[in-house]
Structure formats: C-alpha cells, structure tokens
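Read the structure below first, then the notes.
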Amino acid sequence: MKKLYATFGMLMVIGLAGCNTMKGMGQDVERGGEKVQDAAQKQQNK
C-alpha cells in the first residue's frame with residue numbers, strides 16, 4: 001500500500017511540474033506572437 005501512495009505522489013508531482021512547464025512555454029509563445037504583431041503594425045504605419 002505504501003508503494004501505491006508513493007507512486008501516486010510522484011505522478012502528481014511530475015504532473016504539476018509538467019503543467020507549470022507548459023504554462024511557461026505558452027507565455028513565451030504568446031510574447032513571441034506579440035512581438036510579431038508589433039513588427040507588423042510598425043510596417044503598416046510606415
């Protein structure tokens with residue numbers, strides 16, 4: 001039974017770490033998209 005709890009606990013930690021990593025990656029992608037939009041806007045305003 002202790003093995004089951006230990007395994008479940010480790011899976012939860014890995015899952016939470018994965019969610020934080022994906023959230024960070026999503027924020028990076030979002031910032032990149034904003035930079036592209038800014039560059040396109042500057043080109044239109046020329």
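Every number here is computed from the coordinates shown, using simple stated rules; none is lab data. Note that the structure is a prediction, hence the values are computed from the model and not measured. Cβ placement follows ideal geometry from the backbone for every residue including glycine, while neighbour counts extend to all protein chains displayed.
Observations
- Subset of the range 5-44 (residues that are over 22 Å from the mean Cα position of the chain (by Cα) and among the β-branched types (Val, Ile, Thr)): Thr7
- Neighbours by Cβ (under 8 Å, 6+ apart or cross-chain): first from the range 1-28, on the phi > 0 side of the Ramachandran plot; second among the charged types (D, E, K, R) and assigned to a helix (DSSP H, G or I): none
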